[in-house]
Amino acid sequence: MEEGVVELHDDNGKNDRKLTISAHTFSDLTYTSPVVFLYLLKECYAHGTCKATNKFRILQQKVYNALENSPQPGPATFAVWCLYVLPIFGLYCEGLSHLIISALRRFLNRAPTSEDTSKAKVIAAQLFLDIVGGLVDHDERIVLKILEVFDVKLTDIDEALCHLKVQDDYKSDRAKTLVEEYIFKLTDSQSYMTAASLLEHFSIRQSGQPFLVKMMQNKQSRAAEKWATFMGKSMLCALVREYVDQNMLKQAYETIKKNNLKQEFPDVYHNCKESLLKNLAEKALWDLAEAKTHGDKQLLEYLVSLAMEAGYLEKVDELCERYSLEGFLNVKESEASVLESKYLRLDELAFENIIWVDEVDGLCAATSHIEECKVVGLDCEWKPNYVKGSKPNKVSIMQIASDKMVFIFDLIKLFEDVPEILDNCLTRILQSPRILKLGYNFQCDMRQLAHSYGELKCFNNYEKLLDVQNVFKEARGGLSGLAEKILGTGLNKTRRNSDWELRPLSQNQLEYAALDAAVLVHIFQRVHNHSQTAGLPEGSDKIEWKSHIVSHMDNPNRAKKEPKNKKRIGR
């Protein structure tokens with residue numbers, strides 16, 4: 001591919017002959033036939049050393065450049081003749097066909113319609129007839145692309161049939177009948193997406209609801225949606241009913257929303273909306289769920305009931321006050337009492353205090369206290385970002401828990417006010433070889449901290465770090481599931497995606513944040529200090545912590561380059 005020499009070897013490994021592929025042929029096609037051009041293209045593909053994707057792009061550019069250099073009798077005509085003879089290249093046929101078509105499509109997007117493209121369309125119509133007649137062998141996906149790139153319509157196929165001198169038995173709808181027969185063969189072989197695309201390309205609307213049902217029965221919902229969209233509103237309604245019958249509520253909702261069918265399916269739309277809200281609530285995406293209600297009172301009341309069920313009582317208060325919802329306040333107290341026994345509370349862990357750290361004196365005092373500890377738990381929180389493709393928000397707080405106290409560092413304010421002191425204090429903690437630091441899936445937090453505060457050296461590496469997730473690989477349900485397994489009660493995770501940039505944080509937010517760090521210390525102490533206690537889950541007394549402690553851990557952005565045999569934490 002760089003005009004180099006390729007050495008061919010015989011069976012004994014000896015040099016047999018040398019083959020030179022010249023790039024000159026790709027820049028001047030004046031005296032090069034399609035067969036020779038394809039042969040050289042195939043040789044380039046066969047002997048190229050690039051990876052498949054890069055190789056395709058390089059060769060696509062080669063073909064594109066060749067088409068720009070006026071091949072005879074014209075670029076589009078030359079391309080269609082290439083497609084005509086490509087099946088003789090066997091296994092290379094499909095790949096080179098995609099190559100030729102993609103390069104031609106790029107070329108035609110820039111070049112205006114000309115006499116050459118008109119001639120090429122006539123040949124492409126004839127090529128289609130030869131494919132249907134079994135004279136030329138092309139995959140049906142290639143057939144579709146040929147029809148699309150050369151814009152072959154039923155009238156063009158009619159003209160091609162006329163040129164076959166079959167006027168004696170010629171009928172006005174012969175082309176349509178021939179195309180339909182080809183499409184029926186595709187449906188018999190379950191090539192539904194190609195069949196639907198061809199029906200749309202030729203604007204054939206005779207296939208009705210049975211075709212849609214057949215696609216849905218064969219789990220071809222994408223093809224069914226494409227076909228229904230082409231057919232119009234009545235077929236889209238039939239598609240929604242099929243989705244509902246198969247309990248595909250998400251797809252039904254998207255189809256209703258996309259095609260403005262809310263009036264036709266009010267109950268289905270509402271049920272789909274409720275299902276969507278429930279999924280978001282289960283992921284603790286409450287703000288996004290609220291936005292999805294669009295102020296609909298019935299949906300808001302359902303969201304409030306989900307918040308009550310999850311124990312997110314401050315969200316209940318917030319929604320009821322914001323939207324003047326009534327009828328929920330009387331059951332809050334009973335719900336709260338039930339939830340107290342359902343989830344682990346911070347006071348059950350005998351913690352003395354939660355200390356908010358947002359100024360220099362508090363920072364220094366917290367650092368001095370933590371430096372006296374042998375084991376601490378680490379966690380951090382940041383405000384979720386619901387805009388797809390946008391950058392995540394900065395880490396807002398970092399929690400560091402000892403066995404009796406939890407310090408919550410306001411990273412945003414401390415970084416703004418005293419960045420150098422913050423850097424020094426966190427370096428003394430995070431890079432201390434005397435303090436065992438516990439995290440849960442802390443690789444994600446490390447990456448986010450380094451991204452948020454790249455100017456600080458404290459987040460460049462960590463000493464004596466233990467990811468508890470790696471110790472209990474079989475635990476399900478994340479940290480909450482692990483807490484339930486070891487301590488007997490899980491964590492309420494409904495607030496994990498709340499607004500962590502809110503100042504001041506609510507008491508419930510503070511307790512949630514503190515508990516995530518504190519529970520790590522208690523899980524460690526429970527297993528490490530009470531390894532002989534009969535009440536522990538089976539196998540917990542045999543856990544070897546030391547093998548999972550990482551003595552030195554770099555910033556995750558650099559850690560990817562470490563040797564494979566070096567111990568690292570993370571997923």
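Taking 13 Å as the cut-off, the amide N atoms of segment 86-127 that come nearer than this to a point 7 Å along the Cα-to-beta-carbon line of Glu159 belong to 114-126. Calculated on the Cα set of segment 72-179, radius of gyration then Dmax: 13.9, 42 Å.
Calculated FRET efficiency, Glu501 to Asn69, Cβ-Cβ distance, R0 = 51 Å: about 0.30 to the nearest 0.05. Straightening the chain between Asn441 and Arg345 buys 32.4 nm, computed as 0.36 nm per residue apart minus the Cα-Cα spacing. Residues of segment 372-399 with an amide N closer than 20 Å to a point placed 7 Å from the Cα of Arg322 along the Cα-to-Cβ direction: 382-388, 393.
Exceedance of the 21 Å cut-off in Cα-Cα distance is limited, within the set Lys383/Lys493; Lys404/Lys457; Lys278/Lys315; Lys121/Lys145; Lys297/Lys383; Lys273/Lys315, to Lys404/Lys457; Lys297/Lys383.
Shown is the FRET efficiency for Asn247 and Lys214, computed with R0 = 22 Å from the Cβ-Cβ distance and rounded to the nearest 0.05: 0.70. Each residue was assigned an accessible area with a 1.4 Å probe, and for Cys444 the value is about 50 Å².
Model label sites at Glu282 and Lys297, defined 7 Å from Cα along the beta-carbon direction, differ in position by 3.0 nm. Two numbers describe the Cα atoms of segment 113-167: Rg and Dmax, which are 11.0, 31 Å. Here the relative contact order of segment 227-268, from alpha carbon pairs under 8 Å that lie six or more residues apart, stands at 29 percent.
Would you calculate the volume per residue, in Å³, of the smallest convex hull containing every Cα atom of segment 357-482?
Numbers: hull volume 14.7 nm³, N = 126.
Considering the Cα atoms of segment 357-482, their hull volume per residue is 116 Å³.
Kirkwood analysis of the Cα pair distances in segment 133-232 returns a hydrodynamic radius of 14.4 Å.
Pop the C-beta distance of Gln525 and Arg57 into the FRET formula with R0 = 45 Å and round what comes out to the nearest 0.05.
Values: r = 56 Å, r/R0 = 1.26.
After rounding, the FRET efficiency stands at 0.20.
The ratio of the alpha-carbon radius of gyration of segment 264-330 to the globular-protein estimate 2.2 N^0.38 Å is 1.05.
Taking the Cα centre of segment 178-301 as origin, work out the dipole magnitude from +1 charges on Lys and Arg Cβ and -1 charges on Asp and Glu Cβ, in debye rounded to 20. The partial results should precede the final answer.
Values: 17 positive and 16 negative charges, 26 e Å.
Computed charge dipole of segment 178-301: roughly 120 debye.
The simple spin-label model puts a point 7 Å past each Cα toward its Cβ; for Thr30 and Arg205 those points are separated by 5.3 nm. Computed from point charges on the beta carbon alone (+1 for Lys and Arg, -1 for Asp and Glu), the dipole magnitude for segment 383-466 about its Cα centre is near 300 Debye.
A simple rule links phi to the HN-Hα coupling: the Karplus curve 6.51 cos²θ - 1.76 cosθ + 1.60 with θ = phi - 60°, which for segment 221-236 gives 5, 5, 5, 4, 5, 4, 5, 5, 4, 5, 6, x, 4, 4, 6, 5 Hz, with x for Gly and Pro.
When the convex hull of the C-alpha atoms of segment 214-289 is computed, what volume per residue in Å³ does it have?
Working: hull volume 7.1 nm³, N = 76.
Enclosed volume per residue, from the Cα hull, is 93 Å³.
Of the accessible area of segment 337-390, computed with a 1.4 Å probe over protein heavy atoms only, carbon and sulfur atoms account for 50 percent. Measuring only protein heavy atoms, the 1.4 Å probe finds Ile421 accessible over about 70 Å². For the pair Arg174 and Glu314, label points projected 7 Å from Cα toward Cβ lie 7.9 nm apart.
Which of the peptides 130-137, 411-418 is most tightly packed, and how do the rest follow, going by the mean number of other Cβ atoms within 10 Å of each residue?
Details: 130-137: 13.9, 411-418: 17.5.
Per-residue mean Cβ counts within 10 Å order the peptides as 411-418, 130-137.
The values are calculated or read from the model by the stated rules, or taken from the named source; none is laboratory data. Note that the coordinates shown come from a computational prediction; the quantities given were computed from them, not determined experimentally. All Cβ positions, glycine included, derive from the backbone under ideal geometry; neighbour counts span all protein chains shown. Each accessible area value is taken on the protein alone, full model and side chains, heavy atoms only, with ligands, DNA and RNA left out. Shrake-Rupley method; radii C 1.70, N 1.55, O 1.52, S 1.80 Å.
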